[in-house]
1. Tally up the residues in the stretch 1-33 that are within 20 Å of the chain's Cα centre (by Cα), in a loop (DSSP other than H, G, I, E, B) and either at negative phi or at pLDDT 80 or above (or both), please.
2. Is it true that some residue in the stretch 163-174 is of a type in the set (Val, Ile, Thr), at negative phi, crowded, with 17+ Cβ neighbours inside 10 Å and modelled with pLDDT under 90?
3. Might you let me know whether the stretch 32-52 holds any residue that is loosely packed, with under 15 Cβ neighbours inside 10 Å and more than 24 Å from ARG178 (Cα to Cα)?
4. Please indicate, with yes or no, whether at least one residue in the stretch 144-155 is surrounded by fewer than 23 Cβ atoms within 10 Å (Cβ to Cβ), modelled with pLDDT of 95 or more, of a type outside the set (Val, Ile, Thr) and touching a helix residue (DSSP H, G or I) at 6+ places or on another chain (Cβ under 8 Å).
5. Within the stretch 78-100, which residues are assigned to a loop (DSSP other than H, G, I, E, B), more than 19 Å from ASP64 (Cβ to Cβ) and more than 14 Å from the chain's Cα centre (by Cα)?
6. Can you find even one residue in the stretch 114-129 that is of a type in the set (Val, Ile, Thr), assigned to a loop (DSSP other than H, G, I, E, B) and free of Cβ contacts under 8 Å to residues at least 24 places away in the same chain?
7. Yes or no: GLY133 modelled with pLDDT of 95 or more and at positive phi?
Amino acid sequence: MPIRLVDGAMNLVRMLNSREEFYSLLDEIEEFYGHPENLDGAEDSGGADYGEGYFKRWKQEFTDWHVGHAESLRSRTGCRSALDAGCGVGNILRGLLRIGVDAWGLDISRYVVESCDPEIRGRVLWGDLSKAGTLPTKTYDLVVCYDTVEHAPDPEAVVGNLCRLAGKWIHVKAPDIRGLNQEESRRFDPGHITGRSVRWWVEQFELNGFNLIMDERFTWLKWDPEYALAPVGAPDLHGLFRRRIIYG
């Protein structure tokens, strides 16, 4: 099954029909970027910077889209339990609960934990994805993690922890922010501290036992120059990963 390469307006650009073609495109992107250095986030806010002001700026209203997205995820993965890692105000979490999934949220923001919508209060846990000791000890059929990994220091630990929490499936949105004008990027969102290539994110999940699924609905590359606030644009991975089954 192919995956999509789309532009920032979500218009179809072309289909990628194999893993070889996908990796070839990642090489092209890296060449276009000029192989920028990794960004290692040295700042660990512990949630202090993710308070009321931050979430008022980024807050999105809960809509039928969130329920529809949850239904799509359940249909694709068969999940009965789920964790939204970096859930923010919890719209995906609410969508999953509405369709009967035993869903939980996790966030580093104590403001979110204490002030989330009453529908999900008590289901949003505090935790730091870069610190295993702060995370749940159970696993979930599905872990979703959107617009979070670029906020967390120690990305190797973050990927490892996400993979430990996921029993079967991971759906992650991981942007490559290395090629951005960092001053402009931090002005856009001061929490953007960690940058890796799309290839790096894919390989890290696969090193931790999860294979990227070529799926035109749930895996694609989004090329988004508007989001980037920089001439080179920003490739954005939406990746569906499935745990490898080991026989014998």
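The values are calculated or read from the model by the stated rules, or taken from the named source; none is laboratory data. All figures in this text were calculated on a predicted structure; none of them were measured in a lab. Here the Cβ is made from the backbone with ideal geometry for all residues, glycine too, and neighbour counts use every protein chain on show.
1. 2
2. So far as the stretch 163-174 goes, no, none of its residues is of a type in the set (Val, Ile, Thr), at negative phi, crowded, with 17+ Cβ neighbours inside 10 Å and modelled with pLDDT under 90.
3. yes
4. yes
5. GLY78, CYS79, ARG80
6. No; the residues of the stretch 114-129 include none that is of a type in the set (Val, Ile, Thr), assigned to a loop (DSSP other than H, G, I, E, B) and free of Cβ contacts under 8 Å to residues at least 24 places away in the same chain.
7. No, not satisfied.
Rundown of residues vs (1) over 10 Å from the mean Cα position of the chain (by Cα); (2) at pLDDT below 95; (3) under 22 Å from ASP49 (Cα atoms), yes/no style:
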{"residue": "LYS138", "(1), (2), (3)": "yes, no, no"}
{"residue": "VAL158", "(1), (2), (3)": "yes, no, yes"}
{"residue": "GLY179", "(1), (2), (3)": "yes, yes, no"}
{"residue": "GLN182", "(1), (2), (3)": "yes, yes, yes"}
